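Data block below; observations after.
The values are calculated or read from the model by the stated rules, or taken from the named source; none is laboratory data. Only a predicted model underlies this, so the values are computations on that prediction, with no experimental measurement involved. Methodologically, a virtual Cβ is constructed for each residue, glycine included, from the backbone with ideal geometry; neighbour enumeration extends over all protein chains shown. The accessibility values were calculated without ligands, DNA or RNA, using every heavy atom of the protein model including side chains. Shrake-Rupley method; radii C 1.70, N 1.55, O 1.52, S 1.80 Å.
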Amino acid sequence: MKLYDILSELEIIYASIDDILTNPDASQQAKDGALAGLQAQLAELTLAKEDKMLWLARKVLNLEAETEAVKAEKAKLAARQARLERQIEGTKAFMQSALTPGTKLKDGAVQIGWRKSTGVVLKGDVDKLPARFQRIKIEAATSLLKDCLQNGDSEALEYASLEERNNIQIK
């Protein structure tokens, strides 16, 4: 049985229990009999739900482990990429120093040419540039906001609020 089916069945059983308990026409003996049957179903579905949840927790642990393995492989590949890019830049720099600018060479596989480009070289510290030559990134200081909200800062209350969260933890 799928988890969503189990949850739906549990809701139906809870609704049935409420109906039985609130039915003024049924005798206590009839209520007890009906509740006993529902109690067995409830226990079975609760056990099935717990089994599914434990399976999902194992799946989460496996996915976390796989994520870590992918991160490690990604770091190895990023280091390899950086090495290759440095090798490319070093080789190009060597070629530029060894060839006279404007010299064109080619064969069946490659062609060496030159193109002009213009770049900006800063003469001083970036912080000393006028504001019109700077780019500023604005973002919320969430940790400061959290501290201020926890301390009852009325100004912070105008812009943010605290939200209590329950996050599942799987070990």
Suppose only helical runs count, i.e. DSSP H with n ≥ 4. What mean residue ellipticity at 222 nm does that imply for the chain under -39500 (n - 2.57) per run, divided by all residues and rounded to the nearest 500 deg cm²/dmol? -22000 deg cm²/dmol
With a cut-off of 8 Å between alpha carbons and a minimum separation of six or more residues, what is the relative contact order of the chain in percent? 15 percent
Need the list of lysines near LYS123 for cross-linking: C-alpha distance under 28 angstrom, and skip anything on the same chain fewer than eight residues off. LYS92, LYS137
Cα convex hull volume per residue for region 72-171 (Å³): 281 Å³
Provide the per residue accessible area, probe 1.4 Å, for the chain, rounded to a whole number of square angstrom. 92 Å²
Placing each pseudo-label 7 Å from Cα in the direction of the beta carbon, TYR159 and LEU10 end up separated by a distance in nanometres of 4.2 nm
Counting other Cβ atoms within 10 Å, keep those with at most 13, restrict to DSSP loop, and tell me which chymotrypsin sites (Phe, Trp or Tyr not before Pro) in region 113-164 are left. TRP114
Could you work out how far helix 3-22 tilts from the main Cα principal axis of the chain, as a 0 to 90 degree angle to the nearest 10? 30 degrees
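Leaving out ligands, DNA and RNA, and with a 1.4 Å probe, what % of the accessible surface on the chain is carbon or sulfur?
The C+S portion of the solvent-accessible surface of the chain is 54 percent.
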Separation in nanometres of the label points that stand 7 Å from Cα toward Cβ, at TRP55 and ASN151: 5.1 nm
For the cross-link pairs LYS2/LYS71; LYS52/LYS171; LYS52/LYS74; LYS2/LYS59; LYS49/LYS171; LYS2/LYS49, which exceed 21 Å when the distance is taken from alpha carbon to alpha carbon? LYS2/LYS71; LYS52/LYS74
Could you tally the net charge around ASP127, taking each other residue with its Cβ under 15 Å from the Cβ of ASP127, Lys/Arg +1 and Asp/Glu -1? +4
If you take P(r) over Cα pairs in 10 Å bins from 0, in percent from the coordinates, which of [x] 9, 29, 28, 21, 9, 3, 0; [y] 7, 12, 12, 17, 17, 12, 10, 6, 4, 2, 0; [z] 10, 41, 41, 8, 0 do you get? [y]
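If you stretched the chain out fully between ILE112 and ILE20, how much longer would it get, using 0.36 nm times the residue separation minus the C-alpha to C-alpha distance?
Full extension from ILE112 to ILE20 adds 24.4 nm.
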Contour minus end-to-end for GLU64 and GLN169, with contour as 0.36 nm per residue of separation and end-to-end as the Cα-Cα distance? 36.6 nm
